[in-house]
Each structure stands twice: as structure tokens, then as C-alpha cells.
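Here the structure is laid out as C-alpha cells; the discussion comes afterwards.
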Amino acid sequence: MTVPAKVLSMDSKTTARALPLGALDLDFVFDPTVTGMSVACALVRSGAYEVDLKRPMSEWRTWKSGVRAPVYCDCRTLIAQPEHRAQVGRAFTEAVASLFPDAEVIAGVATAGVPWASIVAQELKLPLVYVRNDPKQHGTGRLVEGPLPRNKRTLIIDDLVASGESVVRVAQRLRQETGAIPIGIQSIVNWGFPHMREVLGTMRYHSLTSYPQILSSALFDGLVDAAGFTSLMHFYKNPLEHSWPLPPTGTEA
């Protein structure tokens, strides 16, 4: 589909501004909501979303999937900055209250999902548990930490969902150890990769913002230009098979 010539971007006070991007022939659906753009702005301005298309390939970031790119997102950066932490925490709480009103328990994915799960559980006055990557080596040896009555509708919270494999394992561990009923996944961002949608299957998932919104915020703040925006839009469509232009002269391949 074609993206409209103007895409909304929001600053930290959610002030709408028009960005003349031109029409991009890309098959994605993009909803420039106030909340989504505000969270995107928080990611960019906190430094959590890092992009430098002029960076030499030898200095590119390696993603968990093994992809190497001049762009990286580390949502942990947000928790060290009170203003951005509060902003994203409010967005999380509002999203969960609206989209998952039947949640009886909040489950954070260790470690990056735990701070956000704690905020949501506190604000909504719900029980909180978190799920370890590996069993505890002493004591109970459990993966799920926090006493949890069985058969409770449980919402999984993580910061970023890429492949979806981690949160699927968390859902399995919750079922196995507590008999929990996972009702969905709420994250700050997911990249919407086809593999993720395949892995998550029928599980409900929602993110506060999306990569088109993050890239719009990066464009507005001058981290990328219009050509870089277009290049990154194509990259996110299929990172594993994306072909980058040759690096500038004098850089390492």
C-alpha cells in the first residue's frame, strides 16, 4: 500500500507535527496514534533507539537473531530516565487496562520486562510474578517467581518482541508451573516480522508503538533523512535478507 505524504510525529508533549515524507510503496499498515508516537519519541530521545547509517560496518550492532545492522533498540535505557520511564509506564498501564481488562495476574519476562510489569501490576493493583530465563540454582529451583494461584488469566509483559520465541517459552512455563492461562502479550514494541506472527500464532499481542512510528520520530529529530527513512523501512520488512549499500570509502566491510 502507499503511505500518505504526511505522517504524524509527536514530541514528548504529544504535539502533532507534519512530516513531508513523500509516498512510499510499502505493504504495511501504520496507525499514527498519539500514544504510539509519544512512546516512539521517548525511545528516540532517550537514546534507546540508536541509528547511524554512516557508521562503518565493523561497528554495527548485532541483534539477538544474529542480524548485524546500523540500528539497534535497547529499551532498558528507558528505565534509567525518570521522565521517559513514567511516560512509557503510563502508556503500558493504559494499554493493559483497555486491551486486557480480564487480566488477573501480570507476568514480567526476565529481565527487561520486569520493571514494566511491576509498574503495571502496581497501578492496576494486580498480583505480579516474573519468569526466569533459567531455573533457580538453589531453593525451589522454579522458573516462575512469586506465589500464584492456579488457573488465573495472566498477561505477559516484555519490553521488545522480535522473533516471539522467548514469550512463547514464557507462556509454556507459566502453564507448566502454575496452570496459568496466558491471555496475551503486551510490549513496548514488536517489529511485526512474519516469523514472529507465525511463532505467536493465535496468541494476542499488542505493542505500544511500531517501527514506522519510531522511524518517523527519528526522521523528525534528524537522526535519519528521507532516504534513510525509506532504506530502514525496507530493512524492517525483511532484516535477514536485506542488502545494504556498500559502506563509505575507507570503512571496513
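The values are calculated or read from the model by the stated rules, or taken from the named source; none is laboratory data. Owing to the predicted nature of the structure, the values given are computational and were not obtained by experimental measurement. For the accessible areas, the whole protein counts, side chains as well, though only heavy atoms, and no ligand, DNA or RNA atoms are used. Shrake-Rupley method; radii C 1.70, N 1.55, O 1.52, S 1.80 Å.
Worth pointing out:
- The figure for E83 is an accessible area of roughly 120 square angstrom, using a 1.4 Å probe on the protein chains alone.
- Protein-only accessible surface order, largest first, of D52, D225 at 1.4 Å: D225, D52
- Surface exposure of the range 132-190, expressed per residue as accessible area with a 1.4 Å probe, stands at 46 Å².
- Per-residue 3J(HN,Hα) values for the range 203-217, derived from phi via the Karplus relation 6.51 cos²θ - 1.76 cosθ + 1.60 with θ = phi - 60°, read 5, 6, 9, 8, 10, 6, 8, 9, 5, x, 5, 5, 5, 5, 5 Hz in sequence order (x marks Gly and Pro).
- Within the accessible area of the range 44-130, the carbon and sulfur atoms contribute 52%, probe 1.4 Å, all protein chains present.
- Amide H contacts of G184 (H built 1.01 Å from N, in plane; Pro and chain starts excluded): I156 sit under 5 Å, all sequence-distant by 5 or more or on other chains.
- Accessible carbon and sulfur surface of the range 152-241 relative to its total accessible area, %, 1.4 Å: 50 percent
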